[in-house]
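First the structure, in the form of structure tokens, and then the observations on it.
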Amino acid sequence: MESTKIDDFKSHRRYVYVVEGMTDEEKLKRIGCLFVIKTGGRFIRPEIINFLKLVHQVRELVLVLDPDGPGRDIKAHIERQVGPCLHADADINDARAKGKVGIAQMQIEPLKNLLRSFITHDLYVDENLSLEDDDLFDLGLSGPGGKQKRMILVNKYHIPYTSLKNVEDALLMLCINKEQIIKDIQND
């Protein structure tokens, strides 16, 4: 019964897409995926796995990995560590170009078709994001001393990157609000 409540809760939020590399991330963002996390390939850093575990508590993860051996290995590793995820499995023929296989090699239209149901969900889900545009500035997370405050959040939530934009995206993925950030910074 508890998992039904959690699943229902997650269904009212945008998805988080997990990809292998930077080109994959850029392609997904270009077609409308708001939240994208890159693993960096087969050898996923522990902080990325820990971050995915936290995100998976509040959102569904959609694995959009290359249709090859390393992609299958990454999928298996993530699901062993994080739990069951949703999959968008590309057809190897759509993901092959210039002797390579991967999401980065896919044309935009087949990629849109692959992710259509997920993107449609994201477009129509009624989710109020947890932070406003100026919240991070108001909290002193940018400008002088901002990195030190961001590092408190990076360490607490296993955020894999420290730039203001990446921290903001991560906090949105985790549904962390301004009040929680204030507590986190004050309790350090």
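The values are calculated or read from the model by the stated rules, or taken from the named source; none is laboratory data. Keep in mind the model is a prediction, meaning the values are calculated, not measured. Positions of Cβ are generated from backbone atoms using ideal geometry, with glycine treated the same way; all protein chains shown enter the neighbour counts.
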Can you name every residue in region 72-117 that is charged (D, E, K, R) and within 25 Å of Ile44 (Cβ to Cβ)? Arg72, Asp73, Lys75, Glu79, Arg80, Asp89, Asp91, Asp94, Arg96, Lys100
Residue set Leu111, Leu153; condition surrounded by 15 or more Cβ atoms within 10 Å (Cβ to Cβ), modelled with pLDDT of 90 or more and within 19 Å of Val18 (Cβ to Cβ); output residue Leu111
Look at region 32-82 and say how many of its residues are in contact (Cβ under 8 Å) with a residue 40 or more places away in the chain, out of contact with any Leu (no Cβ under 6 Å at 6 or more places or on another chain), over 17 Å from Val101 (Cβ atoms) and not in a helix (DSSP H, G or I). 8
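Can you report the number of residues in region 130-150 which are surrounded by 14 or more Cβ atoms within 10 Å (Cβ to Cβ) and within 14 Å of Ile176 (Cβ to Cβ)? Before the answer, list the steps.
Restricting attention to region 130-150, the residues satisfying the condition of being surrounded by 14 or more Cβ atoms within 10 Å (Cβ to Cβ) are 130-131, 135-136, 139-142, 146-147, 149-150.
Next, from what is left, pick out any that are within 14 Å of Ile176 (Cβ to Cβ): 130-131, 135-136, 139, 141, 149-150.
Summing the residues that are surrounded by 14 or more Cβ atoms within 10 Å (Cβ to Cβ) and within 14 Å of Ile176 (Cβ to Cβ) in region 130-150 gives 8.
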What single numbered condition from (1) surrounded by 15 or more Cβ atoms within 10 Å (Cβ to Cβ); (2) assigned to a helix (DSSP H, G or I); (3) in contact (Cβ under 8 Å) with a residue 24 or more places away in the chain fails to hold for Ala90? (2)
State which residue is modelled with the highest pLDDT when the search covers only region 122-150 and only residues that are charged (D, E, K, R) and assigned to a loop (DSSP other than H, G, I, E, B). Asp134
Name, by its number, the condition in (1) under 30 Å from Ser130 (Cα atoms); (2) free of Cβ contacts under 8 Å to residues at least 40 places away in the same chain that does not hold for Cys85. (2)
Does Val167 meet the test of being within 23 Å of Glu60 (Cβ to Cβ) and either surrounded by fewer than 14 Cβ atoms within 10 Å (Cβ to Cβ) or not assigned by TED's automatic domain parsing to the domain that holds Gly40 (or both)? yes
